[in-house]
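The values are calculated or read from the model by the stated rules, or taken from the named source; none is laboratory data. Keep in mind that what you see is a predicted model, and the values were worked out from it rather than measured. Cβ placement follows ideal geometry from the backbone for every residue including glycine, while neighbour counts extend to all protein chains displayed.
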């Protein structure tokens, strides 16, 4: 009887382990099925391209958030940094102060600077990251509003036509850029010392210090890199969408974090956090499309996304707890 119980327990562990690997694929299939059930035009090329663009743009920001989460922190300013970067690029290009390339460089550097400020206040001054990043998010949105005079930022410049291109009628350029960023981040975290150090700090700051790691420097680097990637995300949004300010709504910072968490980003995912972040972004993008098709907008959309996100996270969390308890 005892052997049968052990065998059953072992089989349960194997099933749960497989589900843990396939959980995001299962979720995506479920949401795709729901989307098609509610909208027979969901699998048409225009809709697919729209969803892919949404996935790509959210993914870049979610990957930036994932880096901070991997180090044991949190950043509530990622989408706000993206908005600031897009506003700066809009200002430089619209005023014809520089060409497109210098404007892009300045915008990305601005994002990195906000990330650096976050890192210094969190690591050196020991201020709670929620307070710090919430403050810088307000600052970034304030500066963005000052640049644009609180009017909608429209991208009508022909210089950005390339970013709006679609290859083979179905693959947006933004997806290619996002894939490149994901592969680059994966390689850095998988094969470099810096990547392993970030996960070590996220696992235990005290143990990392005892091992001789410069924890403050690593945390500052983490927030700075996240700021740079968020800046790149802002450039992609500005280049790929007609109305950047609509994408970076007031709830965008929270949606970015939700995308990372829904995807299953954790300290135990290691370099897979970037794949998980993109999966979470895809779920958010599909959900947005479903709600858009049902004519659910603004506040009601936020309510539905919040409720569905809670259900998904609670389900995953209960599965993970059950898996841990079965190990004893």
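Residue-by-condition table, conditions (1) farther than 13 Å from residue 60 by Cβ; (2) modelled with pLDDT of 90 or more; (3) in contact with a strand residue (DSSP E or B) (Cβ under 6 Å, 6 or more places away or on another chain):
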position	(1), (2), (3)
198	yes, yes, no
201	yes, yes, no
215	yes, yes, no
220	yes, yes, no
228	no, yes, no
231	no, yes, no
238	no, no, no
253	yes, no, no
271	yes, no, no
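With respect to (1) closer than 19 Å to residue 107 by Cα; (2) at pLDDT 85 or above; (3) surrounded by fewer than 16 Cβ atoms within 10 Å (Cβ to Cβ), the lone exception for residue 243 is condition (2).
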